[in-house]
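Have a look at the structure below, then the notes.
Derivation of every value follows stated rules applied to the coordinates shown; laboratory data play no part. As the structure is a computational prediction, the values presented were derived from the model and not from experiment. Backbone-built Cβ (ideal geometry, glycine too); neighbour counts: all protein chains shown.
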Amino acid sequence: MSAAEEVKRHHRMIERWLTGVAERPEFAAFADAHAPEFTLAGPDGTVLGREEVLKGFGAAHGAAPDLTITITNARVAAESGDLLVVTYEEWHHTATGRRGRRATAALRRAPRWRWLHLHETWLPRP
């Protein structure tokens with residue numbers, strides 16, 4: 001699976017969780033995709049560790065029942081061995097509109113995809 005496919009797969013799981021379609025056991029696979037040292041720099045500048053991210057995400061099951069997530073412009077910006085830097089745009093669509101983020105993620109490819117770091121920035125509203 002390519003890095004772009006991994007980003008899309010990961011966000012399909014996020015969409016399934018937030019809409020409430022995902023079953024509780026799917027959360028374990030989502031959590032496992034995040035390395036123990038995972039950090040998230042959110043669009044508001046807040047930096048969270050893996051446990052904080054998983055706690056918040058776990059509590060958000062079904063919080064956005066009409067959400068659709070679209071990933072665009074995914075590409076590998078840098079690669080060295082099993083480490084990749086991937087950039088992409090993440091668009092959240094709901095009945096009230098859409099909101100986008102530009103993201104840069106550091107991923108490790110082997111032995112399976114693991115998310116190491118994610119930095120998100122708000123995109124201007126369309």
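Could you work out how much longer the chain between Ala35 and Ala78 gets when fully extended? Use 0.36 nm per residue separation minus the Cα distance between them, nm to one decimal.
Taking Ala35 through Ala78 to full extension adds about 13.6 nm, to one decimal.
Based on the Cα gyration tensor of segment 3-122, what are the three equivalent ellipsoid semi-axes, each the root of five times an eigenvalue, rounded to whole Å and given largest first? Write down the numbers at each step before the final one.
Working: eigenvalues 93, 58, 38 Å².
One finds semi-axes of 22, 17, 14 Å for segment 3-122.
Set Lys and Arg Cβ to +1 and Asp and Glu Cβ to -1, take the dipole of segment 3-122 about its Cα centre, and tell me which of Ile14, Ile71, Gly56 lies farthest positive.
So the residue furthest toward the plus end is Ile71.
Multiply the residue separation of Ala64 and Asp44 by 0.36 nm, subtract the distance between their alpha-carbon atoms, and state the gained length in nm to one decimal.
Answer, rounded to one decimal: 5.2 nm.
Do any GluC sites (Glu not before Pro) in segment 1-94 lie in a DSSP loop with no more than 16 other beta carbon atoms within 10 Å, and if so, which?
Glu23
Given a Förster distance of 35 angstrom, what is the FRET efficiency for Thr94 paired with Glu51, based on the Cβ-Cβ distance and rounded to 0.05?
It comes out at approximately 0.80.
Multiply the residue gap between Met1 and Ala110 by 0.36 nm, knock off their C-alpha separation, and tell me the result in nm, one decimal place.
Computed gain between Met1 and Ala110 is 38.1 nm.
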